[in-house]
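Single-structure report; data block below.
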Amino acid sequence: MSNNKNFVARLDPVTFEVVRNALITIVDQMAEQVMRTCYSFVVYNRDFSNSLLDAEGNTVAQGHQDLSAHVGTLHYKCKAVIEEFAGDINQGDIFLINDPYVGGTHFSDTSVLVPVFYEDQLIAWSQANGHWADMGGSVPGSFDISAMDMFKEGIRIPPIKIRREGKDCVDVVRLIAKNTRDPDSIIGDMAAQTQAATLGEREVLRLCEKYGKETITIAFSEIQDYLERAVRQRLMALPNGSWETVDFIDQDPSADEGLIPIKIKLTIQDDRVEFDFTGSHPTIGTIYNSAFGATFSAVVSGMKTFFPDLPLNAGLYRIITVTAPENSIVSAEWPIAVTGFVMPFEKIMNAIFELFSNLMPERALACSFNIEYLQTGGYDARNESAPFFMYYDWLSGGWGARNGRDGLGVTAACFGVGLMIQAVEGQERLYPCRTDSLEILTDSAGPGEWRGGMGIEKKATLLEVQNCVMSYICDRERAVVWGIKGGLPAQPQGLSLTLPGSNEKFLGTVFSNYPVEKNSKFRRHTSGGGGYGDPLKRDPMRVLEDVVDDYVSLERARKDYGVVLSIIDLDLAEYSLDVEETKKLRDHIKKNRKRWLEEDPEKVASDLRQGKIEILDAVRKYGVICNWEDGTLLPKTTNDFRTQMRNRTVSHWD
């Protein structure tokens, strides 16, 4: 640790910066290697991360597009390898690991690690981590929401060697690949990651040749020390104290309805920070649990968002303490299922956004949409051989509104903004699935003085498929994306399916292994971001511009913002603002809106079932959550949702 005023750098500032940036560039080069040589479309669309670490396994450098969910776990994986193979780490060895119970995320995120030796001394590690689209298990894609333990989730890989002193362990690689549904992709992606990790090794050695081993190893240490000192200084500028909040998982599918709380207490004491999850729900009967490593990564990512100008390495980790109760939803232990760790992960990030928004209001940020994963697997009958296919897709959505700015729309999730949104042209070539439409979804963003970013809707049709099933993991169907400082929620997420000869059915955000067939149609939408500030204070001309852009409908302009507009020319998107009627309507909403949030929930649900109100009315006006398929009231969920809405929204209204 270097937390002292007498710290003396051993490298001059120029050399320090040159080497520091060279290491980051190496990690970016590793990313290019993965993208240019990977086999699967999932990895190609940047569901991977790389890192360089020192000899002890501490992260020294990350790349510019590495994913939030990965970065805070890579050092744990490296340390697990070091511990497992103490005394047996040799030049020419290559290691593999995907174990979430020793610091990883889930089985799909598999890391290749190469030890870097210079003059027979271990000086560093190079790591390439990628998401493999299928790891075996009970369903294609390995995300089975009925899984309560790891034995339905696929193959668990503890620290192992896939190359020993330069000789490939072909039998080990084959064993792993043959336990998945698409062994060719596994072998191809493993090879790409291996090449990326060896590229990192080569480039670190090149730096040693240029600057000397001692300079490079000193740089490893001082890079971490620099970040530690910088973050400590930032913390010292913030007030001491404790702040608490809670966010929710939608449900435990194996239990009664009711939101699943993740509680966080942030404590700042001088130049240290603690995140305490005491009071969070125990592990639940599905895959939406997080092991400690993923939780730590969520904490790091959430906090780092508020210090965007600083680099990321293990120097940050030194000043963070995370307290997570054993076998809680944020600290699951073997053999609890954790494949869906990203659901608690993003709740943790958004909760930290809220906490730091109070401390750094100039960077305040409302809740962002939740990433969703669609996994459709079966056999592609377009070809005579009918090969197995794994259509694995995710969508962009809206980030939360900011203090003084609307939220970013149609953006990758906070889980990993480096993710690319998959090109539909590539998908249609690779999979028997046609995209029918992909568009920004009107009224998807949370209203506020500053509006949340926009979500999207994607519609598609399955073509020549055989023995095909669909799985969908998502959240925020019930714990709807929330606003802050008086801002309103966005909209529920979910997927609707129409089988041939049947009516459309809303399946929600949590299902697995659902049989589908040729000409099955489905549509899914992502939420926009939550609103910031009272929507009645939004400039009516901004609302008018949102209507022109088709971000907000005329109806929701009236209901959510109290803005009355008239159509002049619909084709030319020309509207007029009725100033007097807008004032009257805003006064009416302001007078009644707190009362509306006390309306009998059962009556609201009844009105929804009868078509008297819409889903967005139920959520934004009344704070009522239902089963959106049939309108059945969810009383426990509604109670929790209204409580958080009173805290985040109503308490800030005049």
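Table for the structure above
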quantity	calculated
The range 448-502, Cα convex hull volume normalised per residue, Å³	114
Residue list for the range 25-61, given a label point 7 angstrom along the Cα-to-Cβ vector of A9 and an amide N cut-off under 19 Å	25, 60-61
Per-pair calculated FRET efficiency, R0 = 41 Å: V170 and D149 via Cβ, rounded to 0.05	0.85
Length released on extending from K584 to D270, taking residue separation times 0.36 nm less the Cα-Cα span	108.1 nm
Column: log10 I(q)/I(0), Debye, Cα scatterers of the range 106-250, q = 0.12 Å⁻¹	-0.76
Space enclosed by the convex hull of the alpha-carbon atoms of the range 9-58, per residue, Å³	95
Two-decimal Rg/Rh across the chain, once Rg and the Kirkwood Rh are taken from alpha-carbon atoms	0.98
Packing-based ranking, highest mean first, of 158-169, 291-302 given that Cβ atoms within 10 Å are counted	291-302, 158-169
Listed peptides 561-569, 418-426, 129-137 by packing density, highest first (mean Cβ within 10 Å)	129-137, 561-569, 418-426
Probe 1.4 Å - accessible area at R202, Å² to nearest ten	130
Dipole in debye (nearest 20) - the chain, about Cα centre, beta carbon charges: Lys, Arg +1; Asp, Glu -1	1020
Which of T180, T632 is most accessible, then next, and so on - probe 1.4 Å	T632, T180
Potential extension, R595-L577 segment - 0.36 nm per residue separation minus Cα distance	3.7 nm
Paired Rg and Dmax values of the range 51-101, which use every Cα atom, in angstrom	11.6, 34
Anchor K584: lysines whose Cα lies under 28 Å away (excluding residues fewer than 8 positions away in-chain)	K485, K537, K559, K594, K603, K612, K621
Calculated FRET value between N383 and S254, using beta carbons and R₀ = 41 Å, to 0.05	0.55
For the range 186-238, the fraction of alpha-carbon pairs in successive 10 Å shells from zero, as %	21, 27, 25, 22, 5
Binned Cα-Cα distance frequencies in the range 493-572 - 5 Å width, integer %	3, 12, 17, 15, 9, 11, 13, 11, 7, 3
Carbon plus sulfur fraction of accessible area for the range 217-302, probe 1.4 Å, in percent	48
Most to least packed among 284-290, 59-65 [average Cβ atoms within 10 Å]	284-290, 59-65
The range 79-127: translational diffusion in µm²/s, Stokes-Einstein, Kirkwood Rh over Cα pairs, 20 °C, 1.002 mPa s	186
Gyration tensor (alpha-carbon) shape descriptor, the range 1-106, a/c threshold 1.5	oblate
Kirkwood Rh, angstrom, the range 244-343 [1 / mean 1/r, Cα pairs]	14.3
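The values are calculated or read from the model by the stated rules, or taken from the named source; none is laboratory data. Keep in mind it's a predicted model, so treat the numbers as computed, not measured. As a convention, Cβ positions derive from the backbone with ideal geometry for all residues, glycine included, and neighbour counts pool all protein chains shown. Each accessible area value is taken on the protein alone, full model and side chains, heavy atoms only, with ligands, DNA and RNA left out. Shrake-Rupley method; radii C 1.70, N 1.55, O 1.52, S 1.80 Å.
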